[in-house]
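**Q** Can you keep this structure in mind? I'll have questions shortly.
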C-alpha cells in the first residue's frame, strides 16, 4: 500500500476532495483488477461505502 507521507502531495493542491477521492478509487480499482471487495479492503472502507462513492463520483460509467 502506498504511504502518502512518503509522496509529494503538491500535486493534490487545488483539487477538490471529490477529485482526489475519485482518483484514489480509480487507481485502487485498477490495482485490484476491478474487484470492489478487494478495493474496499485496500482503502479500508466498507464495500457499501465504496459502492456509494463510485455512484456519487461517476466512476466506471
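**Q** Since residue 14 meets every condition but one in (1) at pLDDT below 95; (2) loosely packed, with under 10 Cβ neighbours inside 10 Å; (3) on the phi < 0 side of the Ramachandran plot, which condition does it not meet?
**A** Condition (3) is where residue 14 drops out.
**Q** Looking at (1) in contact (Cβ under 8 Å) with a residue 12 or more places away in the chain; (2) on the phi > 0 side of the Ramachandran plot, can you tell me which one residue 44 breaks?
**A** (1)
**Q** Part of a helix (DSSP H, G or I), modelled with pLDDT of 95 or more, at negative phi and surrounded by fewer than 15 Cβ atoms within 10 Å (Cβ to Cβ): is that true of residue 37 in this structure?
**A** yes
**Q** Among the residues of the stretch 24-34, how many are assigned to a helix (DSSP H, G or I), surrounded by 15 or more Cβ atoms within 10 Å (Cβ to Cβ) and without any contact (Cβ under 8 Å) to a residue 12 or more places away in the chain?
**A** 0
**Q** Residues of the stretch 47-61 being surrounded by 11 or more Cβ atoms within 10 Å (Cβ to Cβ) and either modelled with pLDDT under 95 or in a loop (DSSP other than H, G, I, E, B) (or both), which ones?
**A** 59, 60 - these are the residues of the stretch 47-61 that are surrounded by 11 or more Cβ atoms within 10 Å (Cβ to Cβ) and either modelled with pLDDT under 95 or in a loop (DSSP other than H, G, I, E, B) (or both).
The values are calculated or read from the model by the stated rules, or taken from the named source; none is laboratory data. Please read all numbers here as calculations on a predicted model, not as lab measurements. Cβ atoms come from the backbone with ideal geometry, glycine included; neighbour counts cover every protein chain shown.
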